[in-house]
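Worksheet: the structure to be examined is printed underneath.
The values are calculated or read from the model by the stated rules, or taken from the named source; none is laboratory data. Computed from a prediction, not measured in an experiment: that's the story for all the values here. FYI the Cβ positions are ideal-geometry reconstructions off the backbone, even for glycines, and counts take in every protein chain you see. To get the accessible areas, we keep the full protein, side chains included, count just its heavy atoms, and leave off ligands, DNA and RNA. Shrake-Rupley method; radii C 1.70, N 1.55, O 1.52, S 1.80 Å.
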Amino acid sequence: MARRKMKTEPWADEGRDPLELLARLLVNGSYRVPTEGRSTLPALGSSDIAAAVGYMPDALEKHVALGVATRVPPAAVARLSVLAYRRVAAAVRLARPRPLDLSAPADRWRLRLVIYDAAHELIYPESARPYGELAKLAKTRKAAYIAAHRITTAVLQEALCDGRREFHRRLFKC
């Protein structure tokens, strides 16, 4: 008996990742929404994409989705890390044992470096650097750096997944 593949993501039935669609639409061109039996549907254009992104309510989700889809420059990665700081700091405060003591200014600075590194790795996965080297640059222990990086990556991945879902919902009105 053949097993059916379960859909885990809302865009699985389209066969394409919404962020791939976003990246393709931001360059010149258009995309027709595939439907059965209708060949007169208007093409999606840049105004549709701008509206779908503009109506996304969560700024972090919006910036992470746009950053991954368009591979933003390092300055935009820094802005993204500033947006992510509050959520990551809250997640670090809830972690047991705490990798960083956020009451100390040096550890808050280290957390900002960790967030930037994780965001940069999310957007440019081919340029990932070893944790030991990054921990040395952040002037922290490797174990604490890895724990903070793991928390940060989880928060950013969650924002990316939610951004994909929200973009799909806004664009296709599902």
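Give the residues of region 99-119 that are within 16 Å of the chain's Cα centre (by Cα) and either among the charged types (D, E, K, R) or open to solvent by 50 Å² or more (accessible area, probe 1.4 Å) (or both), sorted by residue number.
Tyr116, Asp117, listed by residue number.
Could you tell me whether any residue of region 126-136 is hydrophobic (A, V, I, L, M, F, W, C), open to solvent by less than 50 Å² (accessible area, probe 1.4 Å), touching an Asp or Glu at 6+ places or on another chain (Cβ under 6 Å) and assigned to a helix (DSSP H, G or I)?
Yes: region 126-136 contains one or more residues that are hydrophobic (A, V, I, L, M, F, W, C), open to solvent by less than 50 Å² (accessible area, probe 1.4 Å), touching an Asp or Glu at 6+ places or on another chain (Cβ under 6 Å) and assigned to a helix (DSSP H, G or I).
If you scan region 140-169, which residues turn out to be surrounded by fewer than 16 Cβ atoms within 10 Å (Cβ to Cβ) and over 23 Å from Arg110 (Cα atoms)?
Answer for region 140-169, where residues must be surrounded by fewer than 16 Cβ atoms within 10 Å (Cβ to Cβ) and over 23 Å from Arg110 (Cα atoms): just Cys161.
So which residues in region 51-81 are more than 11 Å from the chain's Cα centre (by Cα), more than 22 Å from Leu113 (Cβ to Cβ) and of a type in the set (A, V, I, L, M)?
Listed by number, the residues that qualify are Ala51, Ala52, Val53, Met56.
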